[in-house]
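Working notes for the structure below.
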Amino acid sequence: MLLLKLATRNLLRNTRRTLITMAGISLGLAMMMGSNNLAFGSHQDMLRTAIGLLAGHVVVQAEGYQEENDAELVVTDSTAVAEQLRQAFPDASVGRRLLVDGLITSPTNARGAALRGVEPSAEAKVIDLDDKVIEGEWLADDDDRGILMGEEMVDALGIEIGDKVVFMAQPDGDEVQSKLFRLRGIYRTGSPEIDGYIAIVPLQAAQGLYQAKDPATQIAVHLDSDRQTLPTWERATQVVTADGLEVLPWQKAIPDVYEFVKLDSAYSDGIWFVLGLIVAMGVVNTVLMSVLERVREFGVMMAVGLKPLKLALMVLAEGLVLGMASAVIGVGLGLLLSWPLVVYGIDMSSMGESMETAGVPLSMHMYAEIDWARLFVYPFIGIGFSVLASLYPAWKVTRLSPIEAIQHQ
Amino acid sequence: MTSSPIVTVRDLHRHYQQGEITVKALRGVDLDIGRGEFTALMGASGSGKTTLLNMIGGLDSPTSGTVLVDGQDVGAMDRGRKSDLRLDKIGFVFQSYNLIPVLSAVENTEFVLMLRGVGKKERRDKAMAVLQQVGLGGMEHRRPREMSGGQQQRVAVARAIASEPALVLADEPTANLDSQTGHDLIQLMQKLNDELGLTFVFATHDPKVKDAAHRVVWMEDGQVQQDERK
């Protein structure tokens, strides 16, 4: 305790120097927290969109579909499989999708399109595309002829709400299948890939293109929280027993997005690590200066019996106290800095209508989210760097000879 | 005074290399210091008295020869064992007080007790009692900068004796004090020697210390020239 008291008082000897160093650590931590929370919010937004739009927290697909993306590889008798999942996970939202690429033609034009057969009411719960309908309306579950298209595709086809289009594809078997739809609604996400390429129809309408019985490309299980993904996936692998099916967590179903988030997080962690090292140099300077000013004192302490190792511990204790005080202030400042980013976010709509990362349309209004799991890590980062930076000065004092130290002027 | 010496020095040499010149600070010192003695090492600057004191205290290592403190060979010890020896058996009083400026008088005094692992209450009580003993009652919570030179040196004495060491080594303890304060300090140490039987060894130029000492060891050119007992 006396060593900690000594450390605190030694730090207070040169209050200005200590405060400047603390400000460096605290501000560094606060900036790191603010920036990481913004990145975390952006990643979470991206994941929510990607999981909702492209997969589910857990998906059931035909074996091989993940690798080959072949429309012919479908889950047959999908209603039964979906029902099994609904019974196993009553709190989750389970929806089927049938994905097939083909050609959409209007009276005046034609365009390649990715048709998504969905269960409209179930789908509306997991993606916010229904909120992005700018004209017309979201699909009704029993609307066998309705189709929803992005604004860009509608413009390219030169059609309006109520107009007819024909979708043609060769999903399974040799024959080209076609089906007539009427445009019920137009949506706008801002993403050219989605607005110009994806058309949404009720599932049973898309199933009409197939010869297979009750087909679905994927059955997606959407959960309230990503934390439930892995246990749900493990349980789902036991629930889904039919041959030829595979159960994947979203990390494997949309690996590009998962890898992007991991890489982006690692990249920003790397940058902060380097900045942490720069801040640590400031701590080295503070503690080393403080040590060099007290060589004579250290000599006396050694003379009265303090062992070099304890002396080093005393210097490390100064780094510890500096780090602890800075961590408390830094985390407080970090929360303060994150708060407006959580509530108001950053509006980047002046830079464009949308942006897309790893094939996922992202909102132009970025919001931070507090990464609670990391909140308890930040203090240890501050303390860790501070103690780490004290290692060199601590090592230096262990090399002192008591007699030379006492005679030090 | 008991018969077995607390300090035994035999044929002690200490040479320093300064560039190409070898400085022979000690040249074959032989000396025994008995328990309870009040000994002054006197001599001109450079005579080797401080070097000898540092050797006895394990702050420096001999070039050759032997230093035994309470029967333990200081020269053969590593840094850790020397620290233990100083902690357990030796108290130091330095010319420039050398208190820890961020600690109060009582905290400075209990510092050594803390290093010895004495419990918080016990060491605080002991430190308070020792400060009382050296005449600093009421000043326990003052920091060194709030005390005069004489008071600081009393705290240094309190720190040196708090752990009841077998030996107190004092290097020019009165050099920075005015005449009266120096006199008072010597009286204090004499009293501690009389009442507690503490062994004191001084390296000093101060005639007042010489007058108070039971024994005066005169040094010259790194050798003992004369050993006067009173």
Please identify, among A:Met289, A:Met153, A:Met33, the residue showing maximal mean-square fluctuation in a Gaussian network model of chain A using a 10 angstrom Cα cutoff. A:Met289
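Quantify how strongly other chains surround peptide A:301-314 by giving the mean number of their Cβ atoms within 10 Å of each of its Cβ atoms.
Numbers: counts 5, 5, 13, 16, 18, 7, 8, 3, 3, 2, 1, 0, 0, 0.
The mean count of partner-chain Cβ atoms within 10 Å per residue comes to 6.
Quick check: convex hull over the Cα atoms of the range A:305-409, volume per residue in Å³, rounded to an integer? Mind dumping the intermediate values first?
Numbers: hull volume 18.2 nm³, N = 105.
Spelled out: Cα convex hull of the range A:305-409, divided by residues, is 173 Å³.
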Amide H neighbours of A:Gln177 at under 5 Å, excluding residues fewer than 5 places away on the same chain, with H built from the backbone geometry, are A:Ala169, A:Gln170
Given labels modelled 7 Å from the Cα in the Cβ direction, how far is it in nm from A:Asn285 to A:Gln44? 3.7 nm
For A:391-398, what's the mean count of beta carbons from other chains sitting within 10 Å of each residue's beta carbon? 0
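Determine the dipole magnitude for the protein assembly as shown: charges of +1 sit on the beta-carbon of Lys and Arg, -1 on that of Asp and Glu, nothing else is charged, the reference point is the Cα centre, and the result goes in debye to the nearest 20.
On the way: 59 positive and 80 negative charges, 1041 e Å.
Computed about the Cα centre, the dipole is about 5000 debye.
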Phi-based couplings in Hz for the range A:300-315 (Karplus 6.51, -1.76, 1.60; Gly and Pro marked x): 5, 4, 5, 4, 7, x, 6, 6, x, 5, 5, 4, 5, 4, 5, 5
Taking chain B as the reference, fit the longest principal axis to its C-alpha atoms, fit the long axis of helix B:179-196 to the helix C-alpha atoms, and give the angle between the two in degrees, 0 to 90, nearest 10. 90 degrees
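Given the rule -39500 (n - 2.57) for each run of at least 4 DSSP H residues, summed and divided by the residues of chain A, what is its mean residue ellipticity at 222 nm, to the nearest 500 deg cm²/dmol? Walk me through the numbers before you get to the answer.
On the way: 16 runs with 219 residues, N = 409.
Calculated mean residue ellipticity at 222 nm is -17000 deg cm²/dmol.
Rounded to the nearest 0.05, what FRET efficiency is calculated for A:Arg296 and B:Ser4 with R0 set to 30 Å and r the Cβ-Cβ distance? Spell out each step's value before the answer.
Numbers: r = 35 Å, r/R0 = 1.18.
The computed FRET efficiency comes out at 0.25.
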Kindly state, to the nearest 0.05, the FRET efficiency for A:Glu404 paired with B:Asp78, given R0 = 22 Å and r defined as their beta-carbon distance. 0.80
Of the options B:Gln17, B:Val217, B:Ser104, report the single residue whose Cα projects farthest towards the positive end of the charge dipole of chain B (beta-carbon charges: Lys, Arg +1; Asp, Glu -1). B:Ser104
Net length gained if the chain between A:Arg16 and A:Val343 were fully extended (0.36 nm per residue, minus Cα distance): 114.2 nm
For a label point 7 Å from the Cα of A:Asp174 along Cα→C-beta, name the residues of the range A:186-218 whose backbone N is under 16 Å from it. A:211
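According to the Kirkwood expression over distinct Cα-Cα pairs, how big is the hydrodynamic radius of the protein assembly as shown, in Å?
By the Kirkwood definition, the hydrodynamic radius is 31.3 Å.
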Which is farthest toward the positive dipole end of chain B among B:Ser163, B:Thr181, B:Leu196, measuring Cα position about the Cα centre, with Cβ charges +1 (Lys, Arg) and -1 (Asp, Glu)? B:Ser163
What angle, in degrees between 0 and 90 and rounded to the nearest 10, separates the Cα long axis of helix A:255-292 from the longest principal axis of the Cα atoms of chain A? 10 degrees
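Go through B:80-90, B:47-57, B:185-195, B:8-18 and give me the packing order, highest mean Cβ count within 10 Å leading. Present the calculation step by step, with values, prior to reporting the outcome.
On the way: B:80-90: 20.4, B:47-57: 25.0, B:185-195: 17.8, B:8-18: 15.7.
The packing order, highest mean first, is B:47-57, B:80-90, B:185-195, B:8-18.
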Shape call for the range B:115-178 from the C-alpha gyration tensor, a ≥ b ≥ c root eigenvalues: rounded (a/c under 1.5), prolate (a/b greater than b/c) or oblate? oblate
Per the Cauchy relation, a quarter of the hull surface: what is the mean projected area of the convex hull of the alpha carbons in the range A:117-187, in nm²? 5.2 nm²
To the nearest 100 Å², how much accessible surface do chains A and B hide from each other in total, with a 1.4 Å probe? 2300 Å²
Residue by residue through the range B:59-71, what is 3J(HN,Hα) from phi via Karplus (6.51 cos²θ - 1.76 cosθ + 1.60, θ = phi - 60°)? Round to whole Hz and write x for glycine and proline. 7, 9, 10, x, 6, 7, x, 10, 10, 10, 10, 6, x
Roughly how many Å² is the accessible area per residue of the protein assembly as shown, as a whole number, for a 1.4 Å probe? 45 Å²
Compute the long axis of helix B:105-115 from its Cα atoms, compare it with the longest principal axis of the Cα atoms of chain B, and write down the angle in degrees, 0 to 90, nearest 10. 60 degrees
When a/c reaches 1.5 or more, the comparison of a/b and b/c decides; with that in mind, is the range A:186-272 rounded, prolate or oblate per its Cα gyration tensor? oblate
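Quantify how strongly other chains surround peptide B:115-128 by giving the mean number of their Cβ atoms within 10 Å of each of its Cβ atoms. Numbers along the way, then the final one.
Details: counts 7, 1, 0, 0, 0, 2, 0, 0, 1, 0, 0, 0, 0, 0.
Counting other chains' Cβ atoms within 10 Å and averaging over B:115-128 gives 1.
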Taking every DSSP bridge whose two residues both lie in chain B, the antiparallel percent to the nearest 5 is 60 percent
Once all Cα-Cα distances of the range A:198-353 are split into 5 Å bins that start at 0, what whole-number percent is in each one? 2, 6, 7, 9, 10, 10, 9, 8, 8, 7, 6, 5, 4, 3, 2, 2, 1, 1, 0
Which residue, B:Gly91, B:Gly71, B:Gly34, has the most motion in a Gaussian network model of chain B that connects Cα atoms within less than 10 Å? B:Gly71
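Please label the shape of the range B:5-229 as rounded, prolate or oblate, based on the square roots a ≥ b ≥ c of the eigenvalues of the alpha-carbon gyration tensor (a/c under 1.5 means rounded; beyond that, a/b larger than b/c means prolate, else oblate). Display every interim value, and only then the final one.
Numbers: a/c = 1.79, a/b = 1.48, b/c = 1.21.
Prolate shape, in that a/c is at least 1.5 and a/b is the bigger ratio.
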The range B:1-57 - Debye-derived log10 I(q)/I(0), Cα point model, q = 0.16, 0.18, 0.20 Å⁻¹: -0.55, -0.67, -0.79
Would you mind checking which residues have amide H under 5 Å from A:Leu362's amide H? H placed 1.01 Å from N; only 5 or more apart, or other chain. A:Met355, A:Glu356, A:Thr357
Gyration tensor over alpha-carbon atoms, the range B:71-201, equivalent ellipsoid semi-axes in Å: 22, 18, 14
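Treating only the Cβ atoms of Lys and Arg (+1) and Asp and Glu (-1) as charged, compute the dipole magnitude of the range A:83-208 about its Cα centre; round to the nearest 20 debye.
On the way: 13 positive and 24 negative charges, 29 e Å.
Here the range A:83-208 has a charge dipole of around 140 debye.
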note: the range A:56-253, Cα-Cα separations exceeding 30 Å make up a percent value of 20 percent
Any residue on another chain or 5+ positions along whose placed amide H is under 5 Å from the amide H of B:Gly34 is listed here as B:Ile6
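At 0.36 nm per residue, minus the direct Cα-Cα distance, what do A:Trp395 and A:Ala124 gain on full extension? Give it in nm, one decimal, please. Please report the intermediate quantities before stating the final value.
Values: separation 271, 0.36 × 271 = 97.56 nm, distance 6.25 nm.
Going from the current span to full extension adds 91.3 nm.
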Find how much the distance from B:Ser96 to B:Glu20 grows on full extension, using 0.36 nm per residue of separation minus their present alpha carbon separation; answer in nm with one decimal. 24.2 nm
For the range B:119-178, size of Cβ-based charge dipole, Lys and Arg +1, Asp and Glu -1, in debye: 400 debye
Which whole number in µm²/s is D for the range A:1-50 by Stokes-Einstein, with the Kirkwood Rh taken over Cα pairs at 25 °C and 0.890 mPa s? 181 µm²/s
Equivalent ellipsoid dimensions for the range A:1-94 as semi-axes, Å, which come from the Cα gyration tensor, largest first: 57, 17, 12
Which one of A:Gly196, A:Met348, A:Ile271 has its Cα pushed farthest toward the positive end of the charge dipole of chain A, where Lys and Arg give +1 and Asp and Glu give -1 at the Cβ? A:Ile271
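Using 1/(1 + (r/R0)^6) with R0 = 41 angstrom and r between the beta carbons of A:Asp70 and A:Ala23, what's the FRET efficiency to the nearest 0.05?
Numbers: r = 59 Å, r/R0 = 1.44.
It comes to 0.10.
The values are calculated or read from the model by the stated rules, or taken from the named source; none is laboratory data. In this text the structure is predicted, and so the values were computed from the model without any measurement. Here the Cβ is made from the backbone with ideal geometry for all residues, glycine too, and neighbour counts use every protein chain on show. Areas reflect the complete protein model, heavy atoms only, side chains present, ligands, DNA and RNA absent. Shrake-Rupley method; radii C 1.70, N 1.55, O 1.52, S 1.80 Å.
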